[in-house]
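These notes concern the structure reproduced below.
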């Protein structure tokens, strides 16, 4: 403890705040519950508990609203991302469809000049395959009208209908038939 004669030491020691300062700091803006002289402590406690329940209910209501908004926004974000992805796929598919006449011309030229056109055709096919183009290999396989159009038929032994010759190549783009092959079938 400090010497009573040392007034500077007493003045610098921290002092406890009085009760009025503590109450002023803890009171928020807004009306305080009315305290009548007739109201008992039990009634006052009930009133405070009711207000706390009301505030908790209001808080829960706002929390529910915030959670619903957050879920709605997350669903919106996912839906927009899926739409953007689908639109990009459709655009790429349109571009691949636009390239099909070029591939047909390159295939036709390859039949006449394989040494000159072969490297160019291979480069085009390799690049398009990297992005999802797949050439349908149907020669000698069972005929499937989903991936092939039969434009001619030759009689055979009378069994299962198979692709005898591919007249125009068919293509898939990312698993979907972009253009069915034009084929001659045989049974």
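The values are calculated or read from the model by the stated rules, or taken from the named source; none is laboratory data. Predicted model only: the values in this text are computed from it and were never measured. All Cβ positions, even for glycine, are placed from backbone atoms using ideal geometry, and neighbour counts span all protein chains on display.
Which residues, counting only those in the stretch 143-187, are out of contact with any strand residue (DSSP E or B) (no Cβ under 7 Å at 6 or more places or on another chain) and surrounded by 14 or more Cβ atoms within 10 Å (Cβ to Cβ)?
From the stretch 143-187, those out of contact with any strand residue (DSSP E or B) (no Cβ under 7 Å at 6 or more places or on another chain) are 144-145, 155, 157-159, 174-177, 187; that's our starting set.
Selection gives 144, 177, 187.
Taking residue 155 and the conditions (1) at pLDDT 95 or above; (2) over 25 Å from residue 91 (Cα atoms), which numbered condition does it fall short on, given that it satisfies the others?
For residue 155, the failing item is (1).
Scan 77, 129 and give me the residue that is in a helix (DSSP H, G or I), at pLDDT 95 or above and at negative phi.
Checking each option against the conditions leaves just 77.
Regarding residue 96, is this residue in contact with a strand residue (DSSP E or B) (Cβ under 9 Å, 6 or more places away or on another chain), modelled with pLDDT under 95, buried (at least 16 other Cβ atoms within 10 Å of the Cβ) and not in a helix (DSSP H, G or I)?
The answer is no for residue 96.
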